[in-house]
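J.: Please read through the structure below; I'll follow up with questions.
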Amino acid sequence: MSSPPAEITVECPQCGQYYDAWYRPSLNFMLEDFDDEYIERVSTSTCPYCGCKASLGVLIVNKTGDFNFQLPQANFRRKDEEAMCSIKIESFDSSKRLDVMKVLREITGLGLMEVKSLLDNIPEIIMRDIEQRKAELFKRDLEAAGAEISLKCF
Ligand SMILES: [Zn+2]
């Protein structure tokens, strides 16, 4: 049985933009009569920003029971899953450098020297793959300490 379509968010492998699309994780040729054009349409996604067409990776089972899995080229996730974020320091109030360093050390667990060199190299991504709710809290704490933060969530 083919899986039902799921609404997903795709990260374009070419331009890095995020966009919404639909996706079926598996297709079964025994129960439904799919043609090549259909398979192509449900197993790929076209970026509305740059036109890049990327494979989403679909399990295809044919009439004889053989199957193959197309490896995905694009990162994507179901829309009902929580987004993951990277946290970037854009700038900070230099008179509050010590406050920013203190919060940074609490959040990242990094040592004093590492945090110092982070701040010497801004703008800099300080953490990746953080759940969105957590990332929003870290952003709030860092901004309260005097830093300007941007989140990129996927
Ligand atoms: Zn694109």
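We did not get these values from a lab; they are worked out from the coordinates using the rules stated. If you're wondering where the values come from, they're calculated on a predicted model, not measured in any experiment. Glycine gets a Cβ as well: all are built from the backbone with ideal geometry, and neighbour counts include every protein chain shown.
J.: Counting alpha carbon pairs within less than 8 Å and at least 6 residues apart, what relative contact order, in whole percent, applies to the chain?
T.: Worked out over the chain, it gives 22 percent.
J.: My understanding is that a pair violates if its Cα-Cα distance is over 25 Å; which of Lys53/Lys88; Lys53/Lys134; Lys88/Lys134 do that in this structure?
T.: Lys53/Lys88; Lys53/Lys134
J.: I'd like to know which of Ser45, Phe29, Asn62 lies farthest towards the positive end of the charge dipole of segment 6-78, counting +1 on Cβ of Lys and Arg and -1 on Cβ of Asp and Glu.
T.: Value computed over the given set: Ser45.
J.: Note down, for segment 6-78, the three equivalent ellipsoid semi-axes (square root of 5 times each alpha carbon gyration tensor eigenvalue), biggest first, whole angstrom.
T.: 24, 11, 10
J.: May I pose another question? At a temperature of 25 °C and a viscosity of 0.890 mPa s, determine how fast segment 84-153 diffuses translationally according to Stokes-Einstein, using the Kirkwood radius over alpha-carbon pairs as Rh; express D in µm²/s, rounded to the nearest whole number.
T.: Translational diffusion coefficient: 211 µm²/s.
J.: Starting from the Cα of Lys63, draw a straight line to each of the aspartates and glutamates and keep only those under 12 Å, dropping any in the same chain fewer than 8 residues away.
T.: Glu32, Asp33
J.: Next question. Round to the nearest 0.05 the FRET efficiency obtained for Cys15 and Asp93 when R0 = 35 Å and r is the Cβ-Cβ distance.
T.: Efficiency for this residue pair is about 0.60.
J.: Next question, about the same structure. Can you compute 3J(HN,Hα) from phi for each residue in segment 120-134, using the Karplus curve 6.51 cos²θ - 1.76 cosθ + 1.60 with θ = phi - 60°, rounded to whole Hz and x for Gly and Pro?
T.: Along segment 120-134, the couplings run 6, 10, 6, x, 8, 6, 9, 8, 10, 6, 9, 4, 4, 4, 5 Hz.
J.: I'm a student and want to see the number: the projected area of the Cα convex hull of the chain, averaged over all directions, in nm².
T.: 11.2
J.: Can you list residues from other chains, or at least 5 along the same chain, whose modelled amide H is less than 5 Å from the amide H of Ala83?
T.: For Ala83, the qualifying residues are Gln132.
J.: Could you grab the relative contact order for segment 84-153? Cα pairs under 8 Å, six or more apart, rounded to a whole percent.
T.: 58
J.: Using a Förster distance of 30 angstrom, determine the FRET efficiency expected from the C-beta separation of Asp120 and Phe154, and round it to 0.05.
T.: So, using R0 = 30 Å, E works out to roughly 0.60.
J.: Only loop residues by DSSP count here, and only those with at most 14 other Cβ atoms within 10 Å; note down the GluC sites (Glu not before Pro) in segment 73-154 that meet that.
T.: Glu81, Glu82
J.: Would you calculate the separation in nanometres between label points at Gln70 and Leu137, each defined as 7 Å from the Cα along the Cα-to-beta-carbon direction?
T.: Here the answer is 4.0 nm between the modelled labels.
J.: Amide H to amide H, which residues 5 or more places from Trp22 or on other chains are under 5 Å from it, using H placed in the peptide plane?
T.: Here the answer is Ile8, since their amide H atoms fall under 5 Å of that of Trp22.
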